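Written out below as structure tokens is the structure these notes cover.
The values are calculated or read from the model by the stated rules, or taken from the named source; none is laboratory data. Everything numeric in this text was worked out from a predicted model, so none of it was measured. As a convention, Cβ positions derive from the backbone with ideal geometry for all residues, glycine included, and neighbour counts pool all protein chains shown. With ligands, DNA and RNA removed, areas are computed over all heavy atoms of the protein, side chains included. Shrake-Rupley method; radii C 1.70, N 1.55, O 1.52, S 1.80 Å.
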Amino acid sequence: MDQQKSTASLRQYLKASGYSFTKQRRKVFDCLILNHPIAMHELLIKLNDSMDPVSVYRTIDLFEKLNIVQRINFGWKYKLELTDNFVNHHHHLLCLGCGKVININQAEIETFIGYTAAKQGFLASSHQLEIQGYCRSCLTEAKKTVNRRVV
Ligand SMILES: [Zn+2]
Ligand SMILES: [Zn+2]
């Protein structure tokens with residue numbers, strides 16, 4: 001979904017929930033479109049010039065309540081991301097080495113989750129799937145270090 005369209009849908013979405021479309025809400029939302037997922041402290045830094053932290057926290061609280069934003073859990077940490085109402089459904093690979101997050105979108109995963117739930121007579125309405133591990137460049141780096149040690 002392009003940014004213009006998303007911003008228009010945020011306006012409608014807030015209105016439908018009885019909230020107004022303010023400059024600050026728009027700012028937080030735009031930041032989430034450009035950087036997803038993002039940790040709270042990263043969001044605070046990005047918005048530092050134009051918003052005070054309390055307003056950012058308040059806006060995120062509201063966005064979570066209205067299902068505009070969701071938390072993605074990586075171990076005991078979490079990152080924030082727009083929900084499927086605003087971005088295309090996807091999952092994440094999180095690198096434990098460098099912290100990079102890769103968004104993945106694989107139809108087979110969706111089919112498999114639906115099938116697994118249906119086998120139990122269960123109608124799946126939502127799910128999260130986050131995979132932790134090491135990215136290609138961290139693995140290459142690790143190999144280099146091992147080789148250096150051998151030499
Ligand atoms: Zn990495
Ligand atoms: Zn999925």
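Out of the residues in region 84-97 meeting the condition of being closer than 25 Å to residue 67 by Cβ and open to solvent by 70 Å² or more (accessible area, probe 1.4 Å), tell me which one is nearest to ligand 1 (Cβ to nearest atom). Among those that are closer than 25 Å to residue 67 by Cβ and open to solvent by 70 Å² or more (accessible area, probe 1.4 Å), it is 88.
Being within 18 Å of residue 29 (Cβ to Cβ) and among the β-branched types (Val, Ile, Thr) is a description that does not apply to residue 102.
Of the residues making up region 118-151, those that are closer than 19 Å to residue 83 by Cα and part of a loop (DSSP other than H, G, I, E, B) are 124, 125, 126, 127, 128, 129. Residues that are surrounded by fewer than 17 Cβ atoms within 10 Å (Cβ to Cβ) and over 13 Å from residue 68 (Cβ atoms) were ranked within region 16-38; the one that is modelled with the lowest pLDDT is 35. Quick one: is residue 143 within 16 Å of ligand 1 (Cβ to nearest atom) and in the same structural domain as residue 12 (by TED's automatic domain parsing)? No; evaluated as a whole, the condition is false for this residue. Just wondering, is there one or more residues in region 78-91 that are touching a Pro at 6+ places or on another chain (Cβ under 7 Å) and either more than 21 Å from residue 129 (Cα to Cα) or more than 16 Å from ligand 2 (Cβ to nearest atom) (or both)? Checked region 78-91: at least one residue is touching a Pro at 6+ places or on another chain (Cβ under 7 Å) and either more than 21 Å from residue 129 (Cα to Cα) or more than 16 Å from ligand 2 (Cβ to nearest atom) (or both).
Could you say whether any residue in region 131-149 is within 15 Å of ligand 2 (Cβ to nearest atom), surrounded by 13 or more Cβ atoms within 10 Å (Cβ to Cβ) and in contact (Cβ under 8 Å) with a residue 12 or more places away in the chain?
no
Within region 98-124, can you find the residues that are among the small types (Gly, Ala, Ser), open to solvent by 50 Å² or more (accessible area, probe 1.4 Å) and farther than 24 Å from residue 68 by Cα? Within region 98-124, 118, 121 qualify.
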